[in-house]
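Engineer: The structure follows.
The values are calculated or read from the model by the stated rules, or taken from the named source; none is laboratory data. What you see is a predicted model; the values in this text were computed from it and never measured. Here the Cβ positions follow ideal geometry from the backbone for every residue, glycine too, while neighbour counts run over all protein chains shown.
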Amino acid sequence: MARRKSLEAKQKISGYLFTLPFAIGSIVFVIFPMICAVIFSFATLKNGSGFLGNDYSNWGLVNFSEIWMETTSFREAILSSLSEMLYNVPVVVIFAFFMASVLNQKFKGRGFFRSVMFLPVIISAGLILSLSGDGLIASIVSSGDRFSETGSGSAIQVTDMFQTMLEDMNVADWMVKLIVNSVANISNIVSMSAISIVIFIAGLQSISPSIYEASYMEGATKWETFWKISLPMVSPLILLSVVYTIVDNFNGSNNQVIAQIHDKVNKVAFDTASAMGVSYSLIIITILVIVFAILNKVVFYQD
């Protein structure tokens with residue numbers, strides 16, 4: 001009994017030591033900056049000898065009043081982010097689930113195609129381009145720009161032809177706009193859906209083959225098994241994918257709100273930037289709570 005307790009104590013110590021770097025990192029790089037941001041958002045900061053080299057004055061909602069009432073740029077950026085979220089989330093989740101269903105099938109080169117779909121996450125093209133300066137990648141980009149100048153007319157013409165074809169098929173205007181925008185934005189959709197594809201593949205592979213075999217013996221079609229087995233079984237992962245895509249959309253490198261916050265930080269306006277960050281965080285948390293509350297009612301959890 002004593003040896004068992006000693007083993008359990010050693011395992012606990014090992015667990016604490018294993019999680020200690022994560023706990024320290026969370027405190028230093030997450031919790032502490034969050035506390036500072038909340039403090040900064042309710043004060044007017046001046047360079048001085050105060051906390052973290054700042055002097056506080058005018059405690060209150062001055063910064064929040066500035067970003068919400070006195071200017072319109074922050075509100076416009078918030079609305080732009082919300083509209084992008086309403087478009088990107090359903091498109092990315094549907095595309096990711098479709099690609100996961102395809103890549104879950106058995107065919108030659110399946111591993112290669114799975115790797116290709118995940119490459120956008122491994123290779124951060126935007127980061128590489130921003131750090132490359134005047135090197136080889138910059139020259140390739142400039143060559144691509146020269147090529148796009150000559151080929152942009154053809155690309156626009158193909159897009160117009162595709163849109164005309166859909167309109168001739170009497171497709172609804174909102175559907176035409178959605179499809180055309182999705183095709184034009186396919187690179188961003190693939191990049192945003194990489195993580196969700198991996199999540200869905202793992203979920204589909206976790207479904208026992210015996211369930212499908214039993215359904216086929218009962219005369220179910222593949223369409224019926226999709227709606228009655230595959231979709232309900234991975235519905236918790238759909239909720240996870242939706243939440244992840246929402247957060248990813250709101251924190252993207254091209255997000256206008258993030259750009260405005262960075263601009264304020266570069267101008268050493270930490271109080272205004274903190275007010276923007278706190279407001280933005282509260283909006284994101286509110287949306288996540290609402291989405292989770294709605295989708296959680298239709299999610300199937302297997303006992």
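Engineer: Do the conditions hold for Ser26, that is, is it assigned to a helix (DSSP H, G or I), within 19 Å of Asp263 (Cα to Cα) and either among the small types (Gly, Ala, Ser) or modelled with pLDDT of 90 or more (or both)? Step through it out loud before you land on a result.
Structural biologist: Values: assigned to a helix (DSSP H, G or I): yes; within 19 Å of Asp263 (Cα to Cα): no; either among the small types (Gly, Ala, Ser) or modelled with pLDDT of 90 or more (or both): yes.
Considered against the rule, which asks whether it is assigned to a helix (DSSP H, G or I), within 19 Å of Asp263 (Cα to Cα) and either among the small types (Gly, Ala, Ser) or modelled with pLDDT of 90 or more (or both), Ser26 comes out as no.
Engineer: Would you please list the contacts, defined by Cβ atoms under 9 Å and residues six or more apart or on different chains, that run from a residue in the range 29-40 that is surrounded by 14 or more Cβ atoms within 10 Å (Cβ to Cβ) to a residue that is acidic (Asp, Glu)?
Structural biologist: As it stands, the answer is Phe40/Asp271, since those pairs meet every condition given.
Engineer: Kindly provide the set of residues from the range 242-290 that are touching an Asp or Glu at 6+ places or on another chain (Cβ under 8 Å) and within 13 Å of Phe64 (Cα to Cα), ordered by number.
Structural biologist: Correct list: Thr272, Ala275.
Engineer: Considering the range 41-56 alone, what residues qualify as being modelled with pLDDT under 85 and surrounded by 12 or more Cβ atoms within 10 Å (Cβ to Cβ)? If you could, list the steps in order and put the result at the bottom.
Structural biologist: The first filter runs over the range 41-56 and keeps only residues modelled with pLDDT under 85, leaving 43-56.
Answer for the range 41-56, where residues must be modelled with pLDDT under 85 and surrounded by 12 or more Cβ atoms within 10 Å (Cβ to Cβ): Ala43, Thr44, Leu45, Lys46, Gly50, Phe51, Asn54, Asp55, Tyr56.
Engineer: For Gly60, indicate whether it is of a type in the set (Gly, Ala, Ser), at pLDDT below 90 and in contact with a strand residue (DSSP E or B) (Cβ under 8 Å, 6 or more places away or on another chain).
Structural biologist: no
Engineer: Follow-up. Residues that are modelled with pLDDT of 65 or more and more than 16 Å from the chain's Cα centre (by Cα): list the helices (runs of 4 or more DSSP H) wholly contained in the range 67-134 that include at least 3 such residues. Give the derivation first.
Structural biologist: Values: elements: 73-103, 110-122, 125-132.
Hits in the range 67-134: 73-103, 110-122.
Engineer: Among the helices (runs of 4 or more DSSP H) contained in the range 185-303, which hold 2 or more residues that are surrounded by 11 or more Cβ atoms within 10 Å (Cβ to Cβ) and touching a Gly at 6+ places or on another chain (Cβ under 6 Å)?
Structural biologist: Numbers: elements: 186-205, 209-217, 222-225, 235-250, 256-266, 270-295.
Here the list is empty.
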